[in-house]
Structure formats: C-alpha cells, structure tokens
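Student: To start, I am sharing the structure in question, which I have written as structure tokens.
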Amino acid sequence: MAGNGTIVGSEKLVKVYDTGSVKVEALRGVDLNVNRGEMVAIMGPSGCGKTTLLNCLSGLDEPTSGKVLIEGTDLAKMKDNQRTEYRARNMGFVFQFYNLLPVLTAVENVEMVLLLSGVRSRDARARAERALEVVGLKGLEKHRPAQLSGGQRQRVTLARALVNEPKIVWADEPTGDLDKRNSNEVMSLMQELNSKLKMTFVIVTHDPDVASRCRRIIHMEDGLIVKDVPITEKDALLHPRGGDYSTCGEKDRGAARISIEQQGSL
Ligand SMILES: Nc1ncnc2c1ncn2[C@@H]1O[C@H](COP(=O)(O)OP(=O)(O)O)[C@@H](O)[C@H]1O
Ligand SMILES: [Mg+2]
C-alpha cells in the first residue's frame, strides 16, 4: 500500500513484450514504493528488467497489467496529454537514449525543455544558464556536445533534467560512459540536489560505488525485486552527503541552489 510519503508506487506491475514468436516477461509483478526525497539505486544483471521498470514507472511505457500511482494518481487513468504535461512539469530524465542534440549548444539543449513547455524564450535562456552554472559548466554554454568531454556532456544532461525543478529524476546508467572521476562528480552533484533540493532520484546502475552513495538499494532478478536494502546511517557516514536531508523544505530550494553555486566545487 502506498503511504503518505509515497511519490511513486507500483502494484503487481507486469510487462510482457510480445515480439510475435516469443513473449518476454520483463516484469513479473513488481510492488514498489518510492518516498519523496529518497535516493534509490536499482541494480541487477543485464536483461532483468531495470530499464523496463523505469520506463513503466515514469509513464514512458505502458505496463501489460498492474498499476503505477504517481502522487496517488493512477497513471493509466490520466489522459495522454495530462501524462505528458505531468512528466514535463515534474520529472527529469537522465537516460542514454535522451541524447543531447548535436547541432544545439549546451544552453540550447537545456532551454529546449522549457521552450517546449511554454516558458518565454528570455526566461528559458536565463534559467538554462543558471542550471548550467549549478552543474559547473559556466562559460561552456555555447559549446556543442562534440566540444565537451563525456563528463561535461552528462552534466548538460543533468542540467536539462533539473532545469524545470522536477520532483523526481529518473536516471538509467547515468555514469555508464564516464571514468571514475567524472562518475564521482556526477554522483556528488546528484547527492547534492537530492539532499538540498529534495529531488527524488531513482538511479539504475551496475556500479556498486554509485549504488552505495544512494540511501536504498533495490536488487532485481528476472523481472522481480529480490532484495530491498536501506543504507544505514553508519554506511552513509562512509559516503558523506552534501547537507542535512531531513530539514530542507520546499522554500529552501532557492537558497540551496545559491549555496551549490557558491561552493564552486562542482
Ligand atoms: N522493446 C522490447 N521488445 C522486446 N523485448 C524487450 C524490449 N525491451 C526489453 N526487452 C526484453 O525485456 C527484458 C528486460 O529488458 P530491460 O528492461 O532492458 O533490462 P535491463 O535494463 O535490466 O538490462 C530483456 O529480456 C529484454 O531483452
Ligand atoms: Mg537497461
């Protein structure tokens, strides 16, 4: 059952891909609740259904049966345009197939999200520039993706995911193409956004180091959740986070953003 703190939940989520000759049961009855402000890692062998789960929870894909509740509303009962609008307003995506457009500059890639949701171009530009500053890319606004390193490109993707201040960010192997240093920096940034801006993160990863920086690790196998492990305070102390997670409210978002900028360490 979904409780008050739940931002997204699933009940008996099943997804069968029917390719004609074979049916693949990618999800076989997944019950999951993610609370507001959580930072969750999803791990498991390749092909166990992680991407399918993320796609179904975020409404990018439709489950074969079962339910997804977003802030208490049944995703299947929303009209298409409501779902799209909800996504545009409340969700950010750091997916590998959500690639940056090569012909656009960093700032244009980020502001596109806002322009598509009707923000005026001058405001969109200012917000996109601020988001790039938050992820440590001030001065690189006019660079095209090919002129940026892999780590910098992933930061542009993060800036694009956070520019509309989503409640929840879905990330599918966000550090998959990065070296250790860049991977650590991207993770620190996500921890910072989680702790200070209260954004909820659901992160699919193969990397135990990435998972250990989350507050909960869900293990999947063969279309099911087989283990759901909270990371204890003691474990968390080994991987210190940016700020106090429990005391930062909605109104602190702006202040937190400024302090992220002022630290200048990202
Ligand atoms: N569009 C699709 N059509 C058919 N089978 C698919 C499709 N997408 C995923 N699958 C299959 O569903 C299973 C789960 O895939 P996926 O969710 O991508 O796993 P993971 O992200 O954990 O690697 C795999 O067996 C995969 O081959
Ligand atoms: Mg996958």
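The values are calculated or read from the model by the stated rules, or taken from the named source; none is laboratory data. Since the model is a prediction, treat every value here as computed from it, not as a measurement. Backbone-built Cβ (ideal geometry, glycine too); neighbour counts: all protein chains shown.
Student: Determine which single condition Leu116 fails, assuming it passes every other condition in (1) surrounded by 17 or more Cβ atoms within 10 Å (Cβ to Cβ); (2) more than 22 Å from Leu197 (Cα to Cα).
Tutor: Of (1) surrounded by 17 or more Cβ atoms within 10 Å (Cβ to Cβ); (2) more than 22 Å from Leu197 (Cα to Cα), only one is false for Leu116: (1).
Student: Considering only segment 63-81, state which residues are surrounded by 13 or more Cβ atoms within 10 Å (Cβ to Cβ) and either farther than 15 Å from Asp31 by Cβ or not small (Gly, Ala, Ser) (or both).
Tutor: Selection gives Pro63, Thr64, Lys67, Val68, Leu69, Ile70, Glu71, Thr73, Leu75, Ala76, Met78.
Student: Here is a follow-up. Considering segment 47-79 alone, what residues qualify as being within 19 Å of the chain's Cα centre (by Cα), more than 9 Å from ligand 1 (Cβ to nearest atom), assigned to a helix (DSSP H, G or I) and among the aliphatic types (A, V, I, L, M)?
Tutor: Leu57, Leu75
Student: Within segment 104-137, can you find the residues that are modelled with pLDDT under 95 and not in a helix (DSSP H, G or I)?
Tutor: Ser117, Gly118, Val119, Val135, Gly136, Leu137
Student: I'm trying to understand the selection: among the residues of segment 174-216, which are small (Gly, Ala, Ser), part of a helix (DSSP H, G or I) and surrounded by fewer than 19 Cβ atoms within 10 Å (Cβ to Cβ)?
Tutor: Taking segment 174-216 and keeping what is small (Gly, Ala, Ser), we get 176, 183, 188, 195, 211-212.
Now drop any that are not part of a helix (DSSP H, G or I), which leaves 183, 188, 195, 211-212.
Of everything in segment 174-216, those that are small (Gly, Ala, Ser), part of a helix (DSSP H, G or I) and surrounded by fewer than 19 Cβ atoms within 10 Å (Cβ to Cβ) turn out to be Ser188, Ser212.
Student: I'd like to know if segment 22-31 contains one or more residues that are away from ligand 1 (no atom under 15 Å from the Cβ) and in contact with a helix residue (DSSP H, G or I) (Cβ under 9 Å, 6 or more places away or on another chain).
Tutor: No, segment 22-31 has no match at all.
Student: If you don't mind, another one. Is it true that Ala171 is modelled with pLDDT of 85 or more and either over 30 Å from Cys48 (Cβ atoms) or surrounded by fewer than 16 Cβ atoms within 10 Å (Cβ to Cβ) (or both)?
Tutor: no
Student: So which pairs qualify, if the first residue must be in segment 43-58 and more than 10 Å from ligand 2 (Cβ to nearest atom), the second must be of a type in the set (Gly, Ala, Ser), the Cβ gap must be under 7 Å, and the two must be at least 6 apart or on different chains?
Tutor: Short answer, once both residue conditions are applied: Met43/Ala211; Leu57/Ser10.
Student: Across segment 153-181, which residue is nearest to the chain's Cα centre (by Cα) among those that are closer than 21 Å to Ala211 by Cα and among the polar types (S, T, N, Q)?
Tutor: This residue is Thr157.
Student: Is one or more of the residues making up segment 97-119 under 24 Å from Asn81 (Cα atoms) and either basic (Lys, Arg) or in contact with a Gly (Cβ under 7 Å, 6 or more places away or on another chain) (or both)?
Tutor: no
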